[in-house]
Amino acid sequence: MKILIAGGGIGGLATALCLHAAGIEAEVFEQAPSIRELGVGINVLPHAVKTLATLGLLPALDEAGIRTRELIYANRFGQTVWQELRGMDAGYDTPQLSIHRGKLLQVLLQAAMERLGPTRIHVDHKLVGFQERDDRVVARFERTEGSGSIEADGDALIGADGIHSKVRSTLYPDQGQPTWSGIMIWRGAVDWPVYQEGRTMVIAGSNTSKFVFYPILADPTKPGRRLTNWAVMARTDAEKTPPGRGDWNRAGHLEETLTFVRDKFQLGFLDPVSLIEATGPFYEYPNCDRDPVARWSFGRVSLLGDAAHPMYPVGSNGASQAILDATCLAEHLSWSASIQEALSAYDAERRTATSEIVLANRKGGPEGVIDMVEMRAPDGFDDIERVATYQEREAIVRGYATMAGFARDQVNRSGG
Ligand SMILES: Cc1cc2nc3c(=O)[nH]c(=O)nc-3n(C[C@H](O)[C@H](O)[C@H](O)COP(=O)(O)OP(=O)(O)OC[C@H]3O[C@@H](n4cnc5c(N)ncnc54)[C@H](O)[C@@H]3O)c2cc1C
């Protein structure tokens, strides 16, 4: 059995590694001329880290990222709304990881190169079309260098080609552009003095004006400092067409970004303006997604990761759910009677679960907790209990964790 994977992002490479671990041949085709360290910080939740740990990647990931200890939701004055331990500090059997997206990608790429072999990982191969012929699927790729266009055939094609997936737009030609919430996200990373014990993530403000801050790398040569990821989310427009088609890599502009931060956040423990000013190049990304679809798998073709369930980047689920897709797909392919049966079982299992997350993220996901407090107490509070009870806050945060499959009792039940 040979599986073709379009897209060499976190989803595509995780799929290749899971398939390889299940004894299934896989070949990855990435459109970019090289797999580069693009993006900034990303979080991987414990249930997805479990897959990476099973693949033997935890030591490399520990060197490249940080085991998140604590998550604090706060209002824009830095007052704590909700605080909880995360990962192994919360009793999971695997950590939550805060890591540079590019470093995570490199760990996956290096493992894929070693295990599948470099001849199975192709760059500069842009998927432009595919067809089922008899019991094969034939995919066509365009190259900017060398031979122009080439064909490859396999038993199945997995579209792990991101929010602008060619596989998805072929299956759903009328889907159009991603839908934009009108909220822009600016993201950057900068070397910064350690906050608390250096493993804390803070999400402050509300879903229409939010500041996120967490460390992603501890360089042993720089004690007391961390490579620190930040993000600002702010409502800028109500139009539905995202600027720049929803590209992850557009440069952000300092003055525009600071407009949404100056005089808005008085966190006390950190000055966001100084942090942003100290950052080199940073990026903007329109908060966009797509409506869930009724089906991912068609015969020998299916979707995975952002191609299947592009979602707002809240709740740390973008990479996590792509990795869970990879695990599930490899399991079904290794035991089902036919490819079609495996792909449709994978579709049934993962599509419902992730569609729910896409829709929940539109409402703010777990960060609904800071929205609720901002709405009820926009000028701050003396006693959080009088603004929102513990039970109200818990229902939002833990309700999301259960839905996204990482509530602690679920992990323990599945063998933790
Ligand atoms: C450049 C970039 C930066 C990002 N930065 C962040 C970040 O800072 N924080 C965050 O939370 N999330 C970020 N993300 C998104 C995050 O990586 C995904 O939400 C998540 O990891 C799911 O990954 P994926 O592999 O499904 O999709 P993606 O990470 O989008 O990967 C899809 C891959 O498919 C390739 N591809 C697209 N079309 C084709 C084609 N026709 N043929 C072949 N290959 C194709 C793309 O080049 C890309 O490498 C970023 C994504 C990208 C592409």
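Computed from the coordinates by the stated procedures, all read-outs in this text should not be read as laboratory data. From a predicted model like this one, the values you see are computed outputs, not experimental measurements. No Cβ is skipped: glycine too gets one built from the backbone with ideal geometry, and neighbour counts run over all protein chains shown.
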Q.
Using a Cα-Cα cut-off of under 13 Å, which aspartates and glutamates could be cross-linked to residue 166, ignoring same-chain neighbours fewer than 8 residues away?
A. 30, 142, 174, 306
(Q) For the pair residue 298/residue 219, report the inter-label distance in nm, with labels modelled 7 Å from Cα in the Cβ direction. (A) 4.8
**Q.** Cβ-derived FRET efficiency at R0 22 Å, residue 150 paired with residue 114, nearest 0.05
**A.** 0.35
Q. Where is the GNM fluctuation largest for the chain (alpha-carbon springs, 10 angstrom cutoff): 103, 264, 222?
A. 222
(Q) Test of understanding: in a Gaussian network model of the chain with alpha carbons linked when under 10 Å, which of 208, 144, 352 would top the mean-square fluctuation ranking? (A) 144
Q) Calculated FRET efficiency, residue 249 and residue 398, Cβ-Cβ r, R0 30 Å, to nearest 0.05? A) 0.30
Q) With the contact rule set at Cα under 8 Å and sequence spacing of 6 or more, what percent relative contact order holds for the range 238-349? A) 23
Q) 222 nm [θ] for the chain, helices only, -39500 (n - 2.57) per DSSP H run of 4+, per residue, to 500? A) -10000 deg cm²/dmol
Q: Specify whether the C-alpha gyration tensor of the range 9-52 places it in the rounded, prolate or oblate class, a ≥ b ≥ c being the square roots of the eigenvalues: rounded for a/c under 1.5, otherwise prolate if a/b is larger than b/c and oblate if not.
A: oblate
Q. Of 296, 335, how do they rank once you tally other Cβ atoms within 10 Å and put the fewest first?
A. 335, 296
Q | Nitroxide proxy distance, nm - points 7 Å out along Cα→Cβ at residue 2 and residue 172 | A | 3.0
Q: Could you run the Karplus curve 6.51 cos²θ - 1.76 cosθ + 1.60 with θ = phi - 60° over the range 25-41 and give me ³J(HN,Hα) per residue in whole Hz, x for Gly and Pro?
A: 6, 9, 9, 9, 10, 10, 6, 5, x, 8, 8, 9, 7, 8, x, 10, x
Q) Which net charge results for the neighbourhood of residue 381, defined as the other residues with beta-carbon distances under 13 angstrom from its beta-carbon, given Lys and Arg at +1 and Asp and Glu at -1? A) -1
Q. Under a point spin-label approximation (7 Å from Cα along Cα-to-Cβ), what is the residue 389-residue 407 distance to one decimal in nm?
A. 1.8
Q. Amide H to amide H under 5 Å from residue 125: which residues, 5+ apart in sequence or cross-chain, H placed 1.01 Å off N in plane?
A. 30, 31, 32
Q.
Within 9 Å, Cβ to Cβ, of residue 209, how many net charges do the neighbouring residues add up to if Lys/Arg are +1 and Asp/Glu are -1?
A. +3
**Q.** Packing rank of 70-83, 127-140, 50-63, where each peptide gets the mean count of other beta carbons within 10 Å, highest leading
**A.** 70-83, 50-63, 127-140
